[in-house]
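Here's the structure, in C-alpha cells; my notes come after.
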Amino acid sequence: MTDALTVFAPCLFTLAVILGLVVWNRRHPTSFWLTVGYPRKAVSVYLTWGNVAAGCGLTTKRRRLRWTFDGVPALGTALHAGTVVSQRRKVRRVVVDKPPRLGLVRPLANGFRVTVGLADGQTPDDYAAKLPNLAHAWRVHSVRVLDWKPGRVTLQATRCDPLTRVDVPVLADGLLRVRVGLLETSAPWVIDFRTVPHWLITGATQSGKSTLLNALICGLAPQRVALIGFDLKGGVELTPYRERMTELATERAECVQVLGDLVAEIKRRMALCTAHRVRNIWKLPEQVRPVPVVVLVDEVAELFLMADKSEKDEIAATAVQLIRLAQLGRAFGLYLLVCGQRVGSDLGPGVTALRAQLSGRICHRVNDPETANMTLGDMDPAALQAARLIPANQPGVAILAADDGRWYRVRSVYVSEEQAEHAAATYAHMRPTWAEMTTVTVQPVSEAEFAGYIPDTQPESDPA
Ligand SMILES: Nc1ncnc2c1ncn2[C@@H]1O[C@H](COP(=O)(O)OP(=O)(O)OP(=O)(O)O)[C@@H](O)[C@H]1O
C-alpha cells in the first residue's frame with residue numbers, strides 16, 4: 001500500500017498540476033499567458049533568434065575569429081580501426097551570420113512586443129516582407145510592424161486571434177465616443193467622432209456593415225446627440241430606429257429637403273460662433289452650445305444613382321451639399337457616417353469628392369479588390385491585402401484606418417437589429433427635435449459667407 005502510494009503520488013501530483021494549468025489557461029488566459037506562457041516564449045525567442053533571423057534572411061555576414069580544426073575529425077569505423085588523424089586547433093577568421101540586435105521582449109496581454117536594431121542596409125520593409133515567416137517561427141497567430149524609428153523597428157506578435165469571438169459590451173465612452181468592438185491587439189475599438197468626424201464604411205453584402213451601425217446606434221442613443229438617417233433603400237435599414245431619430249429620409253426628395261435644413265442649421269451655428277468670436281461650437285459656453293448631429297447614410301450609391309436625366313441636377317446639388325457639410329462638420333458639430341457596398345468613381349465625381357472628406361475608413365470583407373482600393377487605397381498596400389484576406393466566415397471583421405495613422409484588423413461586437421431597436425425605443429426621450437437642436441435663435445450667415453467660410457482644421461480643445 002505504502003509502495004503504491006510512493007509510486008502514484010508523484011504521478012497524481014503531476015496530473016493535478018497539469019490539470020490546474022489547463023483550467024487556469026481556459027479561465028484566465030491573460031494571467032496564464034503573463035505568468036507562464038510569456039516567460040517561456042521570451043526565452044525561446046532569445047535562444048532561437050540567431051536561427052530564426054538566418055532562416056528569414058535577416059542576418060548579415062561578418063568575419064569573426066573562431067576556433068577551427070584542421071582536417072576531418074576521425075569518427076566511426078575509422079576510429080575503431082585505430083586510424084590516427086592528427087588535428088590542430090587554430091584560431092582563424094571565418095565568415096559567420098550575425099543576427100540583428102534583439103531588444104527586450106516585452107509582454108502584452110495577448111502576445112509580446114520586441115524592438116530589433118536594423119542592420120546596415122536594412123529597412124522596416126525587409127521585416128514587413130518576413131512577417132508570416134516570423135509568425136511561424138515564433139508559433140504565434142500573427143506578427144506586424146508596430147512602429148519604426150531610424151535604425152530600429154518594433155514588432156508586435158499576437159499569440160492568438162482575439163477577433164475569433166468578440167463579446168465586450170458596447171459602451172458609450174464619452175460624448176460622441178462609442179466602443180464598438182476589439183482591435184486585433186485586444187485593445188477596445190472606439191469610434192470617436194470628435195477625433196475623426198466623418199467615416200466611410202464599406203463591405204460586401206453580409207459582411208457586417210449593418211451590425212456595426214447597430215452597435216453605433218446602441219452607443220449613441222443614450223447620448224445628447226441628434227441622429228439623422230438617409231436610407232434610400234426604402235428605409236429598410238434605419239426605420240426600426242425611427243423613434244430615436246430626429247429625421248429619417250427615405251425618398252430622394254426628402255433627402256434634398258433634410259440636407260437643405262442641415263445647411264440652414266450649419267449657417268445658424270456659423271453665425272452663433274461668429275457672435276461669440278469662437279471658431280467651433282465646442283468653444284461656445286455650454287448653455288448656448290447646440291446639440292451635435294450624427295448623419296447616418298445607408299447605401300450611399302442610392303443617393304447618387306440616376307434613374308433618368310431629370311434627376312441629374314438634384315443629384316449634383318445633393319453631392320455639393322453633402323461635401324460642404326462634411327467640410328464644415330467638425331467645427332459645427334455635424335458628423336457623417338456613410339455606408340455602402342461600393343463607393344466608386346462610376347457613381348460620379350461627387351462620390352469621389354465626398355470620399356475624400358471621409359477620413360475615417362472601415363473596410364469589411366469585399367468581393368472585388370477595387371472596393372478595398374476605393375476605401376483604403378491611399379494607405380499601406382498591406383492594409384489592402386489584409387482586407388482581401390478577410391474570410392466570409394468572419395462577418396464583422398474589417399480593416400480600420402485608425403487616427404494614429406496605422407491600420408488594424410478589427411471586429412465589431414454582434415448587436416442584433418432587435419437590440420438596436422430596443423435601445424432606440426428606450427432612449428426615444430433623448431431624441432432632440434429640430435427646434436431643440438439650436439439653443440439660441442440667431443440670424444443665419446449669408447449664402448456667400450457660407451460658401452466662403454474656411455473651416456477650422458485644428459483639433460478640438462474642449463474636453464466635454
Ligand atoms: N460582428 C459580428 N460578429 C458576429 N456575427 C456578425 C457580426 N457582424 C455580422 N455578423 C453576422 O453576419 C450577418 C450579416 O451581417 P450584416 O447584416 O451586418 O451585414 P451587411 O454587410 O449589413 O449586409 P447587407 O449589405 O446585406 O445588409 C449578421 O446577421 C450576423 O449573423
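The values are calculated or read from the model by the stated rules, or taken from the named source; none is laboratory data. Values in this document were obtained by computation on a predicted structure and should not be read as measured data. Note: ideal-geometry Cβ built from the backbone for every residue, glycine included; neighbour counts use all protein chains shown.
Scanning the stretch 170-186 for residues that are more than 29 Å from Asp378 (Cα to Cα) and within 13 Å of the ligand (Cβ to nearest atom) gives a single hit, Val170. Gln206 falls short on exactly one of the conditions (1) assigned to a strand (DSSP E or B); (2) in the same structural domain as Gly405 (by TED's automatic domain parsing), and that condition is (1).
Filtering the stretch 387-422 down to residues that are small (Gly, Ala, Ser) and at pLDDT below 80, which residue is farthest from the ligand (Cβ to nearest atom)?
Pass one, the stretch 387-422, residues small (Gly, Ala, Ser): 387, 392, 396, 398, 401-402, 405, 412, 416, 420.
The next check asks that each one be at pLDDT below 80; those that pass are 402, 405.
On the way: Ala402: 18, Gly405: 25 Å.
Across the stretch 387-422, the extreme among qualifying residues is Gly405.
For the stretch 200-217, state whether one or more residues are in contact with a strand residue (DSSP E or B) (Cβ under 9 Å, 6 or more places away or on another chain), closer than 24 Å to Thr30 by Cα and not β-branched (Val, Ile, Thr).
For the stretch 200-217, residues in contact with a strand residue (DSSP E or B) (Cβ under 9 Å, 6 or more places away or on another chain), closer than 24 Å to Thr30 by Cα and not β-branched (Val, Ile, Thr): absent.
When you scan the stretch 365-378, do you find a residue that is assigned by TED's automatic domain parsing to the domain that holds Ala226, modelled with pLDDT of 90 or more and crowded, with 18+ Cβ neighbours inside 10 Å, even just one? Scanning the stretch 365-378 turns up at least one residue that is assigned by TED's automatic domain parsing to the domain that holds Ala226, modelled with pLDDT of 90 or more and crowded, with 18+ Cβ neighbours inside 10 Å.
Restricting Glu254, Glu265, Glu237 to residues that are closer than 27 Å to Gln419 by Cα and of a type in the set (D, E, K, R) narrows the list to Glu237.
Report the residue count in the stretch 141-163 for those that are touching a residue at least 40 places away in the same chain (Cβ under 8 Å), among the β-branched types (Val, Ile, Thr) and under 26 Å from Ser412 (Cβ atoms). Qualifying residue count, the stretch 141-163: 1. Residue pairs whose Cβ atoms lie under 6 Å apart, sitting 6 or more positions apart in sequence or on different chains, and linking a residue in the stretch 364-390 that is in contact (Cβ under 8 Å) with a residue 24 or more places away in the chain to a partner that is of a type in the set (Ser, Thr, Tyr), are His364/Ser207; Arg365/Ser207; Thr371/Thr202; Thr375/Thr202.
Checking each residue in the stretch 266-287 for being crowded, with 16+ Cβ neighbours inside 10 Å and part of a helix (DSSP H, G or I) picks out Ile266, Lys267, Arg268, Arg269, Met270, Ala271, Leu272, Cys273, Ile281, Trp282, Lys283. Within the stretch 221-254, being touching a residue at least 24 places away in the same chain (Cβ under 8 Å) and either within 15 Å of Cys339 (Cβ to Cβ) or within 16 Å of the ligand (Cβ to nearest atom) (or both) holds for Leu227, Ile228, Gly229, Phe230, Asp231, Leu232, Lys233, Glu237, Leu238, Pro240, Tyr241. Of the helices (runs of 4 or more DSSP H) that lie entirely inside the stretch 65-146, those containing 1 or more residues that are polar (S, T, N, Q), assigned by TED's automatic domain parsing to the domain that holds Phe32 and modelled with pLDDT of 90 or more span 131-137. The residues of the stretch 300-314 that are surrounded by fewer than 20 Cβ atoms within 10 Å (Cβ to Cβ) and within 26 Å of Arg242 (Cβ to Cβ), listed by number, are Ala301, Glu302, Leu305, Ala307, Glu311, Glu314.
Looking at Ala428 and the list (1) of a type in the set (A, V, I, L, M); (2) within 16 Å of the ligand (Cβ to nearest atom); (3) over 27 Å from Gln156 (Cα atoms), which single condition is not satisfied? Going through (1) of a type in the set (A, V, I, L, M); (2) within 16 Å of the ligand (Cβ to nearest atom); (3) over 27 Å from Gln156 (Cα atoms) one by one, Ala428 breaks only (2). Per the conditions (1) at pLDDT 85 or above; (2) within 16 Å of the ligand (Cβ to nearest atom), the sole criterion not satisfied by Met270 is (2). Please go through the stretch 187-203 and pick out each residue that is touching a residue at least 60 places away in the same chain (Cβ under 8 Å) and either assigned to a helix (DSSP H, G or I) or within 16 Å of the ligand (Cβ to nearest atom) (or both). Listed by number, the residues that qualify are Trp189, Ile191, Trp199, Leu200, Ile201, Thr202, Gly203. Among the residues of the stretch 361-386, the ones that are more than 16 Å from the ligand (Cβ to nearest atom), part of a loop (DSSP other than H, G, I, E, B) and of a type in the set (Asp, Glu) come to 2 in all. Here is the figure for the stretch 185-207: residues that are surrounded by fewer than 24 Cβ atoms within 10 Å (Cβ to Cβ), within 13 Å of Val397 (Cβ to Cβ) and not aliphatic (A, V, I, L, M) total 1. Can you spot a residue in the stretch 384-395 that is out of contact with any helix residue (DSSP H, G or I) (no Cβ under 7 Å at 6 or more places or on another chain) and under 30 Å from Met306 (Cβ atoms)? No.
Which members of the stretch 243-257 meet the condition of being part of a helix (DSSP H, G or I) and buried (at least 19 other Cβ atoms within 10 Å of the Cβ)? Give the derivation first.
Step one: list which residues in the stretch 243-257 are part of a helix (DSSP H, G or I), which gives 243-244, 252-257.
Across the stretch 243-257, the qualifying residues are Arg244, Cys255.
Checking each residue of the stretch 216-239 against the condition of being farther than 17 Å from Gln321 by Cβ, of a type in the set (Lys, Arg) and in the same structural domain as Gln357 (by TED's automatic domain parsing) gives at least one match. Only one entry in Asp313, Asp380 is in contact with a Phe, Trp or Tyr (Cβ under 8 Å, 6 or more places away or on another chain), more than 24 Å from Leu227 (Cβ to Cβ) and of a type in the set (Asp, Glu), namely Asp380. Within the stretch 151-171, identify whether any single residue is over 17 Å from the mean Cα position of the chain (by Cα), of a type in the set (Gly, Ala, Ser) and not assigned by TED's automatic domain parsing to the domain that holds Arg388, and answer yes or no. So far as the stretch 151-171 goes, yes, one or more of its residues are over 17 Å from the mean Cα position of the chain (by Cα), of a type in the set (Gly, Ala, Ser) and not assigned by TED's automatic domain parsing to the domain that holds Arg388.
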